[in-house]
Amino acid sequence: MAQHRGRDEHRDTSTEAGDVTAGSRSRDARAEARDVADGPPDAVTDLDAPNGPDAPNGPDAVTDPEVPNDPDAAAGLDAAAGVLAEAGTLAFGGVGLAGAVLPDTEAYRRLEQALPSRAGEVRARLDWLLANGSPTGRAYAATLLEQVDPAAARIAWTALRADDAVLTSFTGCLLEQVTLGEYAARRLAEG
């Protein structure tokens, strides 16, 4: 009988301990899922973070709990969009004999680099640029939009074909002035 009591007491203790360990196992499983997932740690979806249409970066965004709350990163995206809103020269690489990288190009690259982790935030700025940017800023925005949403980019380029505002573009040492409409038609033809 003493043996039976010992088993019952052991069961009660293990049940209570099981409850505590179940919570620990749940946390451990989440941590293990993060460790096992493919890709860098910032590309792993946080299992406790909201996901779906109401998530901070949209329905299909991969979330990192630190990314949406980073005011410095958001301010950097705003600053880059501000530069592109007033951009005067379209260049995707270095220009001139020295290969200098223009501030407009640096701003473009900053938004481009943010796309993988902050696609929703970048997309909102691209939509704003398409509506409010300089002709060059709109060309930069439509180009970036190709990486986020190719169908929307095609629609943007189609709308920009009617724009007769002049933009200056650089390809290496070659300077060209062309209308935004002509540039858009070329982009559409490229595919």
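Looking across region 135-187, the residues that are open to solvent by less than 30 Å² (accessible area, probe 1.4 Å) and β-branched (Val, Ile, Thr) come down to Thr136, Thr143, Thr168, Val178. Exactly one residue out of Thr168, Thr143 is in a strand (DSSP E or B) and either of a type in the set (A, V, I, L, M) or at negative phi (or both): that is Thr168. For Arg110, the conditions (1) basic (Lys, Arg); (2) over 19 Å from the mean Cα position of the chain (by Cα); (3) open to solvent by 90 Å² or more (accessible area, probe 1.4 Å) all hold with the exception of (2). For region 175-191, give me each residue that is within 17 Å of Asp163 (Cα to Cα), hydrophobic (A, V, I, L, M, F, W, C) and touching a strand residue (DSSP E or B) at 6+ places or on another chain (Cβ under 7 Å). Passing the criteria: Val178, Leu180. Comparison of Ala124, Ala159, Ala107 shows that the only residue that is part of a helix (DSSP H, G or I), free of Cβ contacts under 8 Å to residues at least 40 places away in the same chain and farther than 24 Å from Leu77 by Cα is Ala159. Just one of (1) at pLDDT 95 or above; (2) open to solvent by less than 20 Å² (accessible area, probe 1.4 Å) fails for Ala55. It is (1).
Kindly establish whether Leu188 is over 13 Å from Ala81 (Cα atoms) and either touching a residue at least 60 places away in the same chain (Cβ under 8 Å) or touching a helix residue (DSSP H, G or I) at 6+ places or on another chain (Cβ under 7 Å) (or both). Judged against the criteria, Leu188 is a match. Scoring Thr168 on the criteria (1) under 26 Å from Gly191 (Cα atoms); (2) under 21 Å from the mean Cα position of the chain (by Cα) leaves a single failure, condition (2). Could you please let me know if Gly99 is of a type outside the set (Asp, Glu), open to solvent by less than 40 Å² (accessible area, probe 1.4 Å) and farther than 23 Å from Ala75 by Cβ? In short, yes.
The values are calculated or read from the model by the stated rules, or taken from the named source; none is laboratory data. It should be emphasised that the depicted structure is a prediction, and the values quoted were computed from it without experimental measurement. Here the Cβ is made from the backbone with ideal geometry for all residues, glycine too, and neighbour counts use every protein chain on show. Heads up: the accessible areas ignore ligands, DNA and RNA and are worked out on the full protein's heavy atoms, side chains in. Shrake-Rupley method; radii C 1.70, N 1.55, O 1.52, S 1.80 Å.
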